[in-house]
Structure formats: structure tokens, C-alpha cells
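The structure appears below as C-alpha cells.
Please treat every number below as a calculation from the coordinates, not as lab data. Since the model is a prediction, treat every value here as computed from it, not as a measurement. Heads up, the Cβs are rebuilt from the backbone with ideal geometry, glycines too, and the neighbour counts pull from every protein chain shown.
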Amino acid sequence: MSQPRRVAVIGGGIAGNAAALALARKNISCTLFDMGRSLGGRVASRQLEQQGQPLSFDHGAQQVTAIGADFQAQLAEWQAAGVVAEWRGRHGEIAGGAFRPRPEQPGSGSGGSGSGFCGSLTGLPLYVGVPNNNAIAQHMAGQLQAHPNAQLQSGVAVQAVERVGGGCGCGSGGSKWQLRGSRRGRAAAAEPEPVEQQTDLGLFDAIVLADAMPLLPGSAGHVAGIEAASTSLAQLARSVQAVAPEPCFALMVAFREPLPDVPFDSASVAGDASSSSSSGDSSGGSRAAFQWVACNSSKPGRPQLSGGAPQCWVALTTAQRAKQILERRPLSTADGRFNPQTEQYRAEVAAELLADFRALMQPFVQGDLPEPLYTHAQRWGRAFATQPLGAEMLFLPAQRLVLCGDVCTGSSVEAAWRSGRAAGNATADMLLADAAA
Ligand SMILES: Cc1cc2nc3c(=O)[nH]c(=O)nc-3n(C[C@H](O)[C@H](O)[C@H](O)COP(=O)(O)OP(=O)(O)OC[C@H]3O[C@@H](n4cnc5c(N)ncnc54)[C@H](O)[C@@H]3O)c2cc1C
């Protein structure tokens, strides 16, 4: 009788969770590794108390739309389970210092400049996780936890792999992937790198890489040894390095009292960032600084303003503004090591971006913006894959490896979900065919 097959899924964002669920549902045993303290990757939320008041921010993915029928069905299932809800806010676009609502219906014209930030101007319903966007990933992880074929290992960074047994690294031929890594026990990118003791994470028949980082030397998630395993993997690593994803900073701001008179709950910010200069120029600079701004408190299921909760806002910088900040506060140190975002780093960036936020909101508030109760910043070094590889997944059956996630298909929750599911299904089918042969 053949041995049960085991798959390692590296990356616990939406793609990795979707891949692991697809594998488990096809009776393939899988272990999902993520180096973050909690799963979800860029579907990230921050909840805390400030002076006894609850604050809630989605500082990664802002909202979810569904274009394909398969993802519409998935959203309907999550909605029925109470994991997502429609965000029926006042959505639209800021252009030239004025707010313009988006069309009511998909494709009904006057949609401002294109589809807006992550499709928010298309007129499609916008969905959010409840009570925060990370709840979507937590729900998927809960389904995995309940599945007898799946294991979850969060707070574990996979750091090295090696092809062992079978010798050639081509075809299964009895060879397996040996994984090594370390348990970090805290958010990998948030604090100075802890001293890590690498341990054996086990032997696996196949790997699903549910992120590009493992293929990128110098990134927080680089996995040594992948490129060395075969020329196809070295080529894959080079293709991934050639995709230059755009960075973004998220500014989180809370006010004791709701800002009066603001005519929107979310807005894509129009304007060619390259045509206006950086912050410091308060007229053009504010337009160049952000691509999206939202009142997080207007999303369903968030702490109630009527109950006295502070009003929480999130603004996302343009890539150009993020690059300006990164020139002074880079992602990597001079010797090529990952440069973590410390609390001081975040505080300095938040102070800088608060000035941009004041300029952006100035046309919509009476007088000056009040002093915030709380500010925070999050760096996303690889926020958006603007030139994805253009395939749903990249499958290397001879190496027993598949790459999935938004590096393949482009940045959206929908694309990551579809890519992960396809990778999980393809890997399961390959291993089931092996077993039947
Ligand atoms: C600020 C921001 C706003 C966005 N807004 C929207 C939006 O409104 N709507 C929308 O649809 N999309 C939005 N997106 C895009 C969307 O969030 C992403 O496209 C999607 O979440 C990507 O999912 P993923 O699973 O491919 O990757 P990720 O979510 O990045 O997950 C990859 C995971 O792999 C882990 N990992 C990497 N290497 C290792 C390793 N060696 N060991 C262990 N773990 C590892 C990482 O820790 C991470 O958790 C936004 C993105 C950002 C950054």
C-alpha cells in the first residue's frame, strides 16, 4: 500500500488557505506554514483599545468584490455564515478636491477614472469581513483546523528546503522536500529579527508556494535552497524577481468624535501621482500621497460610534509616495538584510503621513482637522503585483512544486483565492495520480 501523501503549503494568506482547503477536501494531508502571528497575510486588521475605547482598522485589503461566478458563490457562502457583509456606504472618488459618488449599478456610466482602487468604482457590491477583514482568513483557517487532513502552523517561517532521497529532483522517484525553519512567536516583520534556531519541519511530497517571497533573496520570507533544486526553479525565481510589485503605506487614524460633514465613507483618490510632487506641496501633494481613503467605522460590524467608539480612518498611499518614504527608510539594510519596521519607524512614518491626510481631508471638513486620538502606520513592501506572471498558477510537476497567489494573477482577494484553489486542486490531482500509478 502506498504511503499517505503530505503537502507543505508555505504562506497563510487567502491563496494559501484556499490551497490547503482544496488539498484537505481531496483527502491529501497538508500542513500550512505562515510566519505571521496570525493568518491572513495582506488581509490584515488591527484591533486595540485606546484610553478604554475600542479601535478597529483594516490596514491591508479594504473591501472585496466578486467578478467571477465561482467567487460570487464563495462570497454568498461566507455571507450566509456571517463572515462577510455588504458595505453599503457612500462610495466614490475624490478628484480635484471634490467627491463624486460612484455609479449605483455595475457598468452604468459616469464611473470616474476607471475601476478605482481595487474595483471600488465598478458599481459592484463591496463586501467586508465581520467584525474585521481578517475574519475571512480566520474563517478559512477555522475550517482547516476542523479538518482531519490539515495542520496549521502560524508563527513559523520556512527558511530552507532541500530535495532528499531519489537523487535527481525530477519526478517523484521517491524524493521528497525536507523543510527547515523557525518558530518566531511574534509578527515576523514588526520587530527586530529575533535570534532563531532552525528546526526540522518535516518531509513532504510536494510544496505549494503561496507567496512570491520564498523566491526572493533578501525578503523576510526567503527560503534558501529552492532555486538550487533545479534549473526550472531558478528560472521561476528569476521571473518572480522581474515582477516589481508596488509598495504602499497604510495610515491608521482615529478621532474621538466623528469628523463632521465628510460626504463619503470610502473614496478612490484620482490623479496622476507622477504629475504632482510629493507631500510638502499641500495642494498637489495630498493628491499624490494617497490612492484610497476610508472611514473604517462605516463598515458593518465595527465598534459603534453611537456607543461612543472613536471614528477610525484608513488611508493608503500611492506607490510613488511609498517609494519616496522608502528612499529614506528602506526595506533592506546596506548589507541586503531585511529592515524591520520598528515602533519608531512606524511613528515617524505616521507623523509624516498625517500631514498628507490633513491636506487630503481639508476640502471636506469645516476648519482644521482635530488632533487624532491615535495614529499608526504599516509598511507593505510588496503590496500590489502590478505586472503579475499572467497564469492562474505556475505548476512544476517534475519538481512537485506549484507557485500561487497574487504574484500569478494580480492583486485582489478574488484572484488570490482562485489561484490558491487551483494550485491545491492541481497538486492533489497530481499526487492522487501518483498513488494510482
Ligand atoms: C494595503 C492593501 C490594500 C489592499 N486592498 C485590497 C482591496 O481592497 N481589495 C482586494 O481585493 N485586494 C486588496 N489588496 C490585495 C490583496 O490583499 C492581495 O492581493 C491578497 O490578499 C494576496 O493574497 P496572497 O495569499 O496571494 O498573499 P499574502 O496575503 O501576502 O499571503 C502570503 C503569506 O505568506 C507568508 N509567507 C511568505 N513567506 C513565508 C515563509 N517563508 N514562511 C512562512 N510564511 C511565509 C506571509 O507571511 C503571508 O502571510 C490590498 C493589498 C494591500 C497591501
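Near GLN159, the amide H atoms lying under 5 Å from its own belong to ARG180, GLY181, SER182; only residues 5 or more places off or on other chains count, and H is placed 1.01 Å from N. Excluding same-chain neighbours fewer than eight residues apart, the lysines reachable from LYS26 by a Cα-Cα span under 21 Å are LYS176.
FRET efficiency for the pair ALA146 and GLN53, taken as 1/(1 + (r/R0)^6) with r the Cβ-Cβ distance and R0 = 35 Å, rounds to 0.55.
Here the Karplus relation 6.51 cos²θ - 1.76 cosθ + 1.60, evaluated at θ = phi - 60°, turns the backbone of region 49-56 into coupling constants of 10, 10, 6, x, 10, x, 10, 9 Hz, with x for every Gly and Pro.
Name the GluC sites (Glu not before Pro) in region 53-149 that are in a loop by DSSP and that have at most 10 other C-beta atoms within 10 Å, would you? Hits after loop and neighbour filter: GLU104.
Once both axes come from the Cα atoms, what is the angle between helix 319-328 and the longest principal axis of the chain, in degrees from 0 to 90, rounded to 10? With both axes taken from Cα atoms, the answer is about 80 degrees. Once the trypsin sites (Lys or Arg not before Pro) in DSSP loops with at most 14 neighbouring Cβ atoms within 10 Å are cut out of the chain, the longest remaining piece is 187-336.
Residues in region 124-135 carry Karplus couplings, in order, of 5, x, 9, 10, 9, x, 10, x, 8, 5, 5, 4 Hz; the curve used is 6.51 cos²θ - 1.76 cosθ + 1.60 with θ = phi - 60°, and Gly or Pro positions show x. Annotation: the antiparallel percentage among DSSP beta bridges lying fully within the chain is about 70.
Give the angle, between 0 and 90 degrees and rounded to the nearest 10, that separates the Cα long axis of helix 231-242 from the longest principal axis of the Cα atoms of the chain. The two axes meet at around 10 degrees. Decide, for region 357-427, between rounded, prolate and oblate: order the square roots of the alpha carbon gyration tensor eigenvalues as a ≥ b ≥ c, take rounded if a/c falls under 1.5, and otherwise choose prolate if a/b is larger than b/c, else oblate. In terms of gyration-tensor shape, prolate.
Each label point was placed 7 Å from the Cα along the Cα-to-Cβ direction; for LEU305 and ALA76 their separation is 3.4 nm. Annotation: extensible slack from ALA228 through GLN198 equals 8.9 nm (criterion: 0.36 nm per residue apart, minus Cα-Cα distance).
With helices as the sole contributors, the chain gives -8000 deg cm²/dmol at 222 nm; each DSSP H run of n ≥ 4 counts as -39500 (n - 2.57), and the sum is divided by every residue. For region 52-73 and region 321-392, what is the separation of their C-alpha centers, rounded to whole Å? What the calculation gives is 20 Å, centre to centre. Our coupling estimate for region 384-397, obtained by passing each phi through the Karplus curve with A = 6.51, B = -1.76, C = 1.60 and θ = phi - 60°, is 10, 7, 7, 10, x, 5, x, 10, 4, 7, 10, 10, 10, x Hz, Gly and Pro reported as x. Just check region 46-106 against the gyration tensor rule for me: Cα atoms, a ≥ b ≥ c as the square roots of the eigenvalues, rounded for a/c under 1.5, and otherwise prolate or oblate depending on whether a/b exceeds b/c. In terms of gyration-tensor shape, oblate. Within 15 Å, Cβ to Cβ, of ALA76, how many net charges do the neighbouring residues add up to if Lys/Arg are +1 and Asp/Glu are -1? In short, -4.
Neighbours of PRO245 by Cβ distance under 14 Å: Lys/Arg scored +1, Asp/Glu scored -1, total +1.
Could you please report the charge total around ALA150, scoring K, R as +1 and D, E as -1 over all other residues with beta-carbon less than 12 angstrom from its beta-carbon?
Values: positive: ARG6, ARG25, LYS26; negative: none.
With Lys, Arg at +1 and Asp, Glu at -1, the net is +3.
Looking at region 340-437, none of the chymotrypsin sites (Phe, Trp or Tyr not before Pro) sits in a DSSP loop with at most 14 other Cβ atoms within 10 Å of its own Cβ.
Say R0 is 30 Å: what FRET efficiency, to the nearest 0.05, do ARG256 and GLN105 get from their beta-carbon distance? Computed FRET efficiency for ARG256 and GLN105: 0.20. Among rounded, prolate and oblate, which fits region 17-147 when a ≥ b ≥ c are the square roots of the eigenvalues of its C-alpha gyration tensor, a/c under 1.5 means rounded, and a/b larger than b/c means prolate? It comes out oblate by the Cα gyration axes.
Dipole check for the chain: with +1 at the C-beta of Lys and Arg, -1 at the C-beta of Asp and Glu, and the Cα centre as origin, the magnitude is about 620 Debye.
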